[in-house]
Structure formats: structure tokens, C-alpha cells
Amino acid sequence: GVFFMMSEFSNWVQECGLDTRWMTNAALYQGVDPRGYNGMFDKASFQTMGKNGELLYASYNEARNLMQHILNMTVSQPPNMQAKAINNDPSSLIAAQTFDGVFDYYFNTPKSGRLLKQSTQCVERCLYEDIGYMLVEWDPLAGAKVIPEQAPPGSEPGAVGAMKYQGDLYFKARGVRDVMFDPGVEDEDEQDWKCVRDQANKWELAERFKNVPGAVDKILGTSNVTQEVLANRRGWRRPIASDMIDIYKFY
């Protein structure tokens, strides 16, 4: 049923014209010739006109320049969010203070401020795809190694279980094609489910699921997506040869 509804979502965005709109906007943002959807500026983009060739026709694409100005003005001042406790009890006050520290840490510290970078990409997607999404998860297999879990009952003497990690938050900007939902829902608050497309390196993913029977072969046997799909993603016309594979996360 879930895969059927995902297919219905794809059909919906195509039938109502959103898919064409997003593709055109993305192409213009990447600098294609607005006269034709071929992705190239060629001799047809610059022509001599007039009876005696006294006029020069030139085709320009200002879309990216204008959107970059809007983007820079929007993200030049990072949000200075501050938590405010609704109640005055000690636990609420402590939770608000904790949030301020956590938010500042993820916005400025890990991996050169990954939250700030992904937030900028989210705003960028809003400019040419109408909507920008942010995927926020707790990754239990991220961070530094702690101690192995206890070995399962019946294991050999001295055996250890899977390694435990500190865990960490995971942020990823997602586009309109990456977040699928039931197109028949009139109000977003009434959505019962969402399916989010993410990416991962298949070798690292196989390492994570090496203890799951049959998972490694399935992961390593997964190939990348088609060029047609890649052309619709951030980073115009990415190459097919890649170790990155799609992951669909159902909520």
C-alpha cells in the first residue's frame, strides 16, 4: 500500500503540472538557455537580426543571479533562536537552557556547522522548488564508540555484542521530490504518514547492517538511479557512477 501511494504521489505531481514547473525552475537556476530546455547556450542564443544585421539578439539567464541575491540576503544573518519555558518549574527552565546550548552547538560546531549548511540548502530549494524540507533524525550509530553491548545468550565465552555508539543528530535538506505523502489529504496536519528519500554510501550502509542476515548482499547489489532521476536532483546532472544509493524512510 505504501509503494502504491508513493506512485500516486509521483503521478499527481506530473498530472497537475508541478513536475514540469520544478524541472523548468531547476534548469533555469542551473543556468540553461531560457529559449530552449536543452541545457546549453549555443549559436541560437546569439544571433544577428535586422535587414542589414544591425541588431544583435542575445539570450540571457538571470534566474540564478536573482535567486542567489535573495538567498544571500535571507541566510546572511543566521537565526538566533532562544528557547522560552512555558512553565516556571525548574525542569522546564533547565530544558530551555539545555536547548540553547544544543542549538548553538549544532549550528556552529560539528562538521563546520552542518545544520547551518543544510538550512541554507533548504532555503535554496524553497526558491526554485516552492518548498524546502529538513530531515532531522537521531542516528544511534553515529558518534564515538562507547562499549560493546552484551553478547546474546548462548554465545561463546568471551564473545561481545555489537558496538555501542554515542549517537548524534542527523540533518539533511530535502526537496519536493524527496518527501512523498498521500496527495488526497487536504490538510498537512491530517497526514498519517510520510516517506522521505535519503542517500547513503552503500559500503558504509552494508557495514552498519552486517549483522542482519541477507542485508549486505542486497545493499551491495543495489545500483544507482537513472540519469533522468539524477537530473532532477540538487547538483545538475550528477554522474551515474557512484557508491551513493537511495534509502526510503517511512514515518
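The values are calculated or read from the model by the stated rules, or taken from the named source; none is laboratory data. Predicted model, so just to flag it, every value in this text is computed and none were measured. Positions of Cβ are backbone-derived with ideal geometry, glycine not excepted, and every protein chain shown enters the neighbour counts. Surface accessibility is based on the protein's heavy atoms, side chains included, excluding ligands, DNA and RNA. Shrake-Rupley method; radii C 1.70, N 1.55, O 1.52, S 1.80 Å.
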Legend entry - Conditions (1) modelled with pLDDT under 85; (2) surrounded by fewer than 15 Cβ atoms within 10 Å (Cβ to Cβ); (3) of a type in the set (A, V, I, L, M, F, W, C); number of the one not met by Phe41: (2)
Legend entry - Test: Leu66 is under 25 Å from the mean Cα position of the chain (by Cα) and open to solvent by 100 Å² or more (accessible area, probe 1.4 Å): yes
Inset, instruction - Name the single residue, out of those in the stretch 163-183 being within 28 Å of Leu127 (Cβ to Cβ) and of a type in the set (Gly, Ala, Ser), that is modelled with the highest pLDDT. - result: Ala173
Inset, instruction - For the stretch 18-33, enumerate the residues that are part of a loop (DSSP other than H, G, I, E, B) and crowded, with 16+ Cβ neighbours inside 10 Å. - result: Gln30, Val32, Asp33
Inset, instruction - May I ask you to say which residue of Glu54, Glu15, Glu8 is open to solvent by 30 Å² or more (accessible area, probe 1.4 Å), touching a residue at least 40 places away in the same chain (Cβ under 8 Å) and more than 25 Å from Val123 (Cα to Cα)? - result: Glu8
Legend entry - Of residues in the stretch 216-251 being aliphatic (A, V, I, L, M), under 22 Å from Cys195 (Cα atoms) and part of a loop (DSSP other than H, G, I, E, B), the one modelled with the lowest pLDDT: Ala231
Inset, instruction - Could you check, for the stretch 56-77, whether at least one of its residues is among the hydrophobic types (A, V, I, L, M, F, W, C) and not in a helix (DSSP H, G or I)? - result: yes
